[in-house]
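> After the structure tokens below, expect a handful of questions from me.
Nothing in this text is a laboratory measurement; each read-out follows from the coordinates by a stated rule. Keep in mind it's a predicted model, so treat the numbers as computed, not measured. Cβ atoms come from the backbone with ideal geometry, glycine included; neighbour counts cover every protein chain shown.
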Amino acid sequence: MNIIIVCYPTYGGSGILATELGNSLAQKGHEVHFVTYQQPVRLRTYSSNIFFHEVDVPPYPLFNFPPYELALAGKLVNIAIQHHIDIVHVHYAIPHASAAYIMQKIVWQKHQKYIPFITTLHGTDITIVGRDKSYEPVVTFSINNSDIVTAVSQNLKDETYKHFEITKKIEVIYNFIDTEKFKCQCNPVLKNIFAPQGQKILVHASNFRKVKRIQDVIKIFEIVNEQVPVVLLMVGDGPERKEAEEYCIEHQLNAVVKFLGKQDDIQDIFAICDIFLLPSDYESFGLSALEAMASFSTVVSSNAGGLPEVNIHNFTGFTADVGNVQLMAQYCLELLNDNEKLLQFKHNAMQHAKQFNHTIIIPQYETLYQQLLEIKQPNI
Ligand code: GMT
């Protein structure tokens, strides 16, 4: 199949997921065309059947706001025709699904070729941006006019039905990982660099948006560290990093709280850690938690959104209400003070993560792609 994938290319779960999906589909013999404004971070361009097409938005004095969505739609039309595209898979409703809709109408009118598109909802498009009155009608329209719609958790599916007038069936296809890549390969040298006194290691990884509650991560660490000496690794970068880093310097925590910035080989870091902290206000799924679990780390998270579908309370880790840092810290201490329990939970986490292996999840997308191929004309 010749497939276009449209995604946000930057660090963030949806971009990572879309890119890894394209990489896996290419390995299975499909021809994959990524269309976005910058090369996706995890894209393997050296494969002969992966292509990257950059969308450029030509500047024009009249444009106060460069119309990315239209430039994307135009690019999709050209690529769809030039490369005999069978289907388009867009990640995020806006502006990607609406651009795909425009592409579909143009190609149909000009070439009488119907190019079906599938939209995967990832979270922020539904929970924050999409609910804004300025965007809501377009989000609703583009979901209802996608040929197939998927959401990355049952919670996100429920939220979508709750907040938008959706007439379309939404399929749940969970986030996935390659468990071979994320398997536990604890590097004692690396562990010794961060925890020279053999301390246990807590870790957080994200794009440091407000929704991640970075201050809660630090608070949990402080409560735990009063009773058990631990080290906290903060991986990633984003708007909340500066304030958190300054707080740690002011409170003389910088010897035990390390801000590592963006890291490509995050699996090596997860593999030396004991507890992954994710106290977010909302996670449609929580891909980073799954990556940590696959690397033999247990998770203490909030119970918001789809997190309880990934982190099973009292089995792979613990979940607590958003903002309840005391309870989250108490759960960490329960694990850190009982080595046997910690080990058992780590095993449970790693085993549970296997259910989300790419070999299980990607065929679910391929089944939907087959259904798309059967749609030959607009449903009007
Ligand atoms: O979490 C982020 O800030 C990044 C965000 C994105 O849009 O890339 O991730 C969302 O999609 C991921 C992949 O489906 C999910 O695992 C994340 O939970 C989800 N983030 C939120 O819902 C906040």
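> If I take R0 = 35 Å and measure r between the Cβ atoms of Gln371 and Asp338 in this structure, what FRET efficiency does the formula 1/(1 + (r/R0)^6) give, to the nearest 0.05?
0.15
> On each of the three principal axes of the Cα atoms of the chain, give max minus min coordinate, whole Å, ordered largest first.
69, 43, 39
> Here's a follow-up. So for the range 188-356, averaging the separation of alpha carbon pairs under 8 Å that are six or more residues apart and normalising by length, what relative contact order in percent results?
22 percent
> Hey, another quick one. Past 31 Å, Cα to Cα: identify those pairs from Lys157/Lys341; Lys133/Lys354; Lys75/Lys133; Lys162/Lys242; Lys262/Lys346; Lys162/Lys212, in the order given.
Violating the 31 Å limit, Cα to Cα: Lys157/Lys341; Lys133/Lys354; Lys162/Lys242.
> Another question about this same structure. On C-alpha positions alone, give me the angle between the axis of helix 339-353 and the longest principal axis of the chain, in degrees, nearest 10.
It works out to around 10 degrees.
> Cross-link partners among aspartates and glutamates for Lys183, C-alpha distance below 18 Å, same-chain residues fewer than 8 apart left out?
In chain and number order, the partners are Glu20, Asp264, Asp265, Asp268, Asp274, Glu291.
> Do any chymotrypsin sites (Phe, Trp or Tyr not before Pro) in the range 176-241 lie in a DSSP loop with no more than 12 other beta carbon atoms within 10 Å, and if so, which?
none
> Continuing with this model, one more query. Within the chain, which is the longest segment that contains none of the GluC sites (Glu not before Pro) sitting in a DSSP loop with at most 11 other Cβ atoms within 10 Å?
Maximal segment without exposed cleavage sites: 181-373.
> Here's another thing I want to ask about it. Return the single residue from Ser288, Ser146, Ser134 with maximal mean-square fluctuation; model: Gaussian network over the chain, springs between Cα atoms under 10 Å.
Among Ser288, Ser146, Ser134, the largest GNM mean-square fluctuation belongs to Ser134.
> Sort 257-265, 57-65, 88-96 for me by packing, meaning the mean count of neighbouring Cβ atoms within 10 Å per residue, highest on top.
Sorting 257-265, 57-65, 88-96 by mean packing, highest first, produces 88-96, 257-265, 57-65.
> Quick check on the exposure proxy: order Leu190, Leu307 from fewest to most C-beta atoms within 10 angstrom.
Least to most surrounded, the residues fall as Leu190, Leu307.
> Along each of the three principal axes of the Cα atoms of the range 188-356, give the extent in whole Å, ordering the values from largest to smallest.
40, 32, 32
> Mind checking the range 144-221 for trypsin sites (Lys or Arg not before Pro) that DSSP puts in a loop (not H, G, I, E or B) and that have at most 11 other Cβ atoms within 10 Å?
Here the trypsin sites (Lys or Arg not before Pro) that fit, given the DSSP loop and packing criteria, are Lys169.
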